[in-house]
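Q: Mind having a look at this structure? Questions to follow.
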Amino acid sequence: MEQFKHIPLVFPRVASSEQLRASREFLSRMSARRSVRFFSDEPVPFELIENAIRCASSAPSGANQQPWRFVVVQDPAVKRKIREAAEGEERESYQHRMPTEWLEALAPLGTDWHKEFLEVAPSLIVVFRIDFGLATDVEGDRKIKHYYVQESVGIATGFLLAALHLSGLATLTHTPSPMGFLANLLERPRNERPFVLIPVGFPSPDATVPEISKKALNEVMEVR
Ligand code: IYR
């Protein structure tokens with residue numbers, strides 16, 4: 001049996017007063033996050049995007065396969081194409097595909113098929129899930145099974161949103177539907193599928209957000 005190396009865990013122990021302080025500060029900052037649909041075109045320092053993607057890529061994943069790819073779109077011509085394609089799909093969805101029940105659930109958010117933010121935000125991060133690995137050997141392409149892709153990419157996306165927010169940037173968790181066009185426009189290989197599209201930038205000065213709230217702790221937590 002092949003031996004795989006283990007190394008000592010690095011786990012700095014912090015004083016409980018500091019644990020509590022850090023926990024409260026993180027809670028307070030994360031609770032102030034909002035999904036933003038109105039962006040300014042002000043550019044974003046690129047290292048903020050890089051570091052947020054480094055952070056996302058540190059997430060746990062099934063068998064540590066890290067089944068994700070983050071495509072950062074800044075080219076105005078590509079952003080325009082993405083907007084045009086997304087609005088085409090979304091217009092069809094809002095006008096013909098989404099059942100009344102779905103439209104009613106979305107009503108408080110005030111969304112519609114217009115997606116101006118896809119062109120205005122300085123960066124779009126398109127998260128792709130890598131459904132299987134591709135290895136090439138003498139017999140040609142071979143598929144490598146990936147495990148828990150949906151869960152892994154969901155966790156990494158959570159890390160990404162948290163990192164961008166704590167860097168002082170606004171984001172939107174956007175899923176134009178269907179979003180297969182993103183794989184074509186961004187020329188992804190056949191093992192990659194779009195997972196979510198995240199515009200990143202600063203809010204426009206007159207940005208508004210829907211007046212909605214989060215569930216209270218006693219609605220989301222049970223202790224037994
Ligand atoms: N993709 C559409 C509709 C939409 C769906 C859900 I679920 C939302 O939480 C928000 C919007 C859109 O982006 O408008």
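The values are calculated or read from the model by the stated rules, or taken from the named source; none is laboratory data. Since the structure is predicted, the reported quantities are computational estimates derived from the model, not experimental observations. Note: ideal-geometry Cβ built from the backbone for every residue, glycine included; neighbour counts use all protein chains shown. Ligands, DNA and RNA are stripped out before the accessible areas are found, and what is left, the full protein with its side chains, is counted by its heavy atoms. Shrake-Rupley method; radii C 1.70, N 1.55, O 1.52, S 1.80 Å.
Q: Expressed as a whole percentage, what fraction of the accessible surface of the stretch 35-204 belongs to carbon and sulfur atoms when a 1.4 Å probe is rolled over the protein heavy atoms?
A: Details: 4580 of 8830 Å².
That share works out to 52 percent.
Q: Probe 1.4 Å, all protein chains in place: accessible area of Val72 in Å², nearest 10?
A: 50
Q: Next up: Could you tell me which residue out of Ser57, Leu185, Leu169 lies farthest along the dipole of the chain toward its positive end? Charges go on the beta carbon: Lys and Arg +1, Asp and Glu -1, centred on the Cα centre.
A: Ser57
Q: Okay, next question. Using a Gaussian network model of the chain whose springs link C-alpha atoms within less than 10 Å, name the residue from Thr111, Thr136, Thr171 with the highest mean-square fluctuation.
A: Thr136
Q: Something else: Taking a ≥ b ≥ c as the square roots of the Cα gyration tensor eigenvalues, with a/c under 1.5 meaning rounded and otherwise prolate when a/b beats b/c, else oblate, which class fits the chain?
A: Judged from the Cα gyration tensor, the chain comes out oblate (a/c at least 1.5, b/c at or above a/b).
Q: Find, among the trypsin sites (Lys or Arg not before Pro) in the stretch 1-86, those assigned to loop by DSSP (not H, G, I, E, B) with at most 11 other beta-carbon atoms within 10 angstrom.
A: Those satisfying the criteria are Lys5, Arg13.
Q: A further question follows. Just the accessible area per residue of the stretch 35-204, please: how many Å² with a 1.4 Å probe?
A: Details: 8830 Å² over 170 residues.
On a per-residue basis, the stretch 35-204 sits at 52 Å².
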